[in-house]
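The values are calculated or read from the model by the stated rules, or taken from the named source; none is laboratory data. What you are looking at is a predicted structure, and each value in this text was computed from that prediction instead of being measured. All Cβ positions, glycine included, derive from the backbone under ideal geometry; neighbour counts span all protein chains shown. Note: accessible area is taken over every heavy atom of the protein model, side chains too, but ligands, DNA and RNA are not part of it. Shrake-Rupley method; radii C 1.70, N 1.55, O 1.52, S 1.80 Å.
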Amino acid sequence: ERDLRDKFRRGLMNLNLKTLQGSVWVFSKDVRKEVKDLAEEIGVSGERLNIFTARAENDRNVAASWDLAALNKDYKQFVKKVGILLSNKRTLQSYEVKKIIFDYALMRRHDPNLPENLLPADWAEQEAHEAYQRLRRVIT
């Protein structure tokens, strides 16, 4: 029983859902299908699983479930790394580019895609995405 709950919780975390309180999990988009698929995959019965959706565009409590400051810092560091890589006149090493692209993919995976009004004023996701696109253009 406990092992099953722990496995289910790990699956929810892998989907980037965050705990709001106790057994209440939140995400910024509708993930009912993914949660149902996870429950079915690990054997959580529908009787014990209640999934609700709600719009929380102005709910700071939901936004506080993610460490937006840390993610924003990562986005800014990514932009800086790409700028340094692209301004360097030497040939880019494949492993350098792959590592930085992998880092960006991890950031995107952890981004809750919250409405703009719930993000920090200096949210750097768009700038990071543009840096990623510049990097991709150089290597392709």
Check your understanding: Out of (1) modelled with pLDDT of 90 or more; (2) under 28 Å from residue 3 (Cα atoms); (3) touching a Lys or Arg at 6+ places or on another chain (Cβ under 7 Å); (4) hydrophobic (A, V, I, L, M, F, W, C), the odd one out for residue 82 is which?
Key -> (2)
Exercise for review: Select from region 123-140 the residues that are in a loop (DSSP other than H, G, I, E, B) and open to solvent by 80 Å² or more (accessible area, probe 1.4 Å) and list them in ascending order.
Suggested key: 140
Study note, to complete from the structure: Expected output for region 5-17 (first residue farther than 18 Å from residue 107 by Cα, partner open to solvent by less than 90 Å² (accessible area, probe 1.4 Å), Cβ below 8 Å, 6+ apart or cross-chain) is 7/42; 8/38; 8/39; 8/42; 8/44; 11/38; 11/42
